[in-house]
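The values are calculated or read from the model by the stated rules, or taken from the named source; none is laboratory data. The model shown is predicted, which means the values in this text are computed figures rather than measured ones. Glycine also receives a Cβ, built like all others from the backbone with ideal geometry; neighbour counts cover every protein chain displayed. Just the protein is used for accessible areas: all its heavy atoms, side chains included, with ligands, DNA and RNA removed. Shrake-Rupley method; radii C 1.70, N 1.55, O 1.52, S 1.80 Å.
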Amino acid sequence: QVQLVESGGGLVQVGGSLRLSCAASGRTFSSSVMAWFRQAPGKEREFVAAIRWSDGMTDSADSVKGRFTISRDNTKNTVYLQMNSLKPEDTAVYYCAARYGFRIYATTTAYNSWGQGTQVTVSS
């Protein structure tokens with residue numbers, strides 16, 4: 001089992017930036033995919049971005065392409081989500097997730113470990 005702890009959320013103005021962190025512990029990650037999802041009030045949890053731990057291959061949702069970047073630090077077992085040019089519609093609770101395997105999925109059911117979430121609020 002993998003334990004995930006997110007941090008870095010907060011309140012930011014439109015156009016601002018935030019960097020979220022997800023510290024992972026537990027089993028090894030060389031054969032894992034780490035992802036970020038988000039859930040706004042009254043909406044379903046949606047895929048944001050993912051990264052394959054072994055080779056750094058990434059994927060992201062169209063709504064964040066060009067603004068958000070996912071990355072990892074192998075030495076710290078930490079995944080980051082750099083969020084730039086934030087918009088009010090980016091307001092949500094952001095969750096870190098992990099799954100074993102090499103394929104990147106954009107569905108919540110593919111991931112079996114989740115963090116507690118961190119709130120991101122973009123004010124206009």
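Condition check: buried (at least 17 other Cβ atoms within 10 Å of the Cβ) and under 16 Å from Tyr111 (Cβ atoms). Does Val64 satisfy that? Taking the combined requirement at face value, the residue does not satisfy it.
Put simply, of Ser30, Ser54, Ser21 the only residue that is in a strand (DSSP E or B), closer than 21 Å to Thr78 by Cα and either open to solvent by 40 Å² or more (accessible area, probe 1.4 Å) or hydroxyl-bearing (Ser, Thr, Tyr) (or both) is Ser21. Of all residues in the stretch 80-91, those that are in contact (Cβ under 8 Å) with a residue 40 or more places away in the chain have Cβ atoms under 6 Å from Cβ atoms of residues that are open to solvent by less than 60 Å² (accessible area, probe 1.4 Å) and charged (D, E, K, R), 6 or more apart or on another chain, in Asn84/Arg67; Ser85/Arg67. Of all residues in the stretch 67-124 being modelled with pLDDT of 95 or more, aromatic (Phe, Trp, Tyr) and part of a strand (DSSP E or B), which is farthest from Val12 (Cα to Cα)? So the residue we want is Trp114.
Being open to solvent by 30 Å² or more (accessible area, probe 1.4 Å) and either modelled with pLDDT of 95 or more or not polar (S, T, N, Q) (or both) is the requirement here; does Val12 meet it? So that I can check it myself, show each step before the final result.
Working: open to solvent by 30 Å² or more (accessible area, probe 1.4 Å): no; either modelled with pLDDT of 95 or more or not polar (S, T, N, Q) (or both): yes.
So Val12 does not fit the description; no.
Before we move on, is Phe37 surrounded by 15 or more Cβ atoms within 10 Å (Cβ to Cβ) and modelled with pLDDT under 95? Step through it out loud before you land on a result.
On the way: surrounded by 15 or more Cβ atoms within 10 Å (Cβ to Cβ): yes; modelled with pLDDT under 95: no.
No: the conditions fail for Phe37.
Only residues that are touching a residue at least 60 places away in the same chain (Cβ under 8 Å) and open to solvent by 60 Å² or more (accessible area, probe 1.4 Å) were counted across the stretch 92-123, and they come to 8.
Which of the numbered conditions does Cys22 fail, given that it passes all the others? Conditions: (1) of a type outside the set (Val, Ile, Thr); (2) under 12 Å from Val120 (Cβ atoms); (3) in contact with a Ser or Thr (Cβ under 7 Å, 6 or more places away or on another chain). The failed condition is (2).
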